[in-house]
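J.: Pasting in a structure now, in structure tokens, and then I'll have a few things to ask.
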Amino acid sequence: MSDRRAVFLDRDGTIIEDTGYVADPAAVRLLPGAAEAIARLNRAGLPAIVVTNQSGIARGLLDEAAYAAAARRLDELLAAAGARLDGDYHCPHHPDFTGPCECRKPGLLLYRNAAADHGLHLARSWWVGDRLRDVLPAERFNGRGLLIGEPGLNELSTSAAGRFPVVRDLATAVDIILH
């Protein structure tokens, strides 16, 4: 088994503005500091891998081509800032429309696929996102998770959120990961 660790990042609300179901690449807007934070992970040799639920596909609000176009736009914006993602994994399902699946976060399938594809040690890895479902897999793999948000707001105020440190943004999360 490899000892290579990675940082698993949620997309919407973590790297880009969460504007709902992103079907138009022009709607992809980086959050402040996100590109530089990812560039720091790149320079440190830590794979930055997106894992995202995209239920808009199951709902018929966008299709795989629209998701791919938005992903390409994100890649372009990051590249312009000297950053890159090492992988992009998405779940196109929603239990109300497509039934249960193993890939919808906090499911583990996409992380296992990423680990196999990139030779990663999941217990040495980090999970960063703005919702509990983004970081809960860290517990299952004995990794570490960081929630982005303001303590006391929305689901971050639940008792379950106490299991993960809450930070204000991706840049702060990367500070913790690198130090």
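J.: Pick out, from the range 69-179, the helices (runs of 4 or more DSSP H) lying fully within it that include 3 or more residues that are surrounded by 18 or more Cβ atoms within 10 Å (Cβ to Cβ). Reasoning before the result, please.
T.: Details: elements: 95-98, 109-118, 132-140, 170-178.
Output list reads 109-118, 132-140, 170-178.
J.: Sticking with this structure for a sec: For Glu139, are the conditions met, namely being over 12 Å from the mean Cα position of the chain (by Cα), acidic (Asp, Glu) and at pLDDT below 95?
T.: no
J.: Going residue by residue through the range 109-121, is there one that turns out to be touching a strand residue (DSSP E or B) at 6+ places or on another chain (Cβ under 9 Å) and farther than 27 Å from Asp3 by Cβ?
T.: No, that holds for no residue.
J.: Just one of Ala34, Ala81 is at pLDDT 95 or above, closer than 23 Å to Val166 by Cα, in contact with a Leu (Cβ under 8 Å, 6 or more places away or on another chain) and not basic (Lys, Arg); which is it? It would help to see each step written out before you state the result.
T.: Details: Ala81 fails: closer than 23 Å to Val166 by Cα.
Of Ala34, Ala81, the one residue that is at pLDDT 95 or above, closer than 23 Å to Val166 by Cα, in contact with a Leu (Cβ under 8 Å, 6 or more places away or on another chain) and not basic (Lys, Arg) is Ala34.
J.: Taking only the range 1-16 into account, find how many residues are surrounded by 14 or more Cβ atoms within 10 Å (Cβ to Cβ), among the acidic types (Asp, Glu) and not in a strand (DSSP E or B).
T.: Residues that pass the stated criteria total 1.
J.: May I pose another question? Which one is farthest from Asp10 (Cα to Cα) among residues in the range 42-84 that are in contact (Cβ under 8 Å) with a residue 60 or more places away in the chain and in contact with an Asp or Glu (Cβ under 8 Å, 6 or more places away or on another chain)?
T.: Pro47
J.: Exactly one of (1) within 18 Å of the chain's Cα centre (by Cα); (2) closer than 27 Å to Arg124 by Cα is unmet by Gly56. Its number?
T.: Evaluating Gly56 over (1) within 18 Å of the chain's Cα centre (by Cα); (2) closer than 27 Å to Arg124 by Cα leaves (2) as the failure.
The values are calculated or read from the model by the stated rules, or taken from the named source; none is laboratory data. What you see is a predicted model; the values in this text were computed from it and never measured. Here the Cβ is made from the backbone with ideal geometry for all residues, glycine too, and neighbour counts use every protein chain on show.
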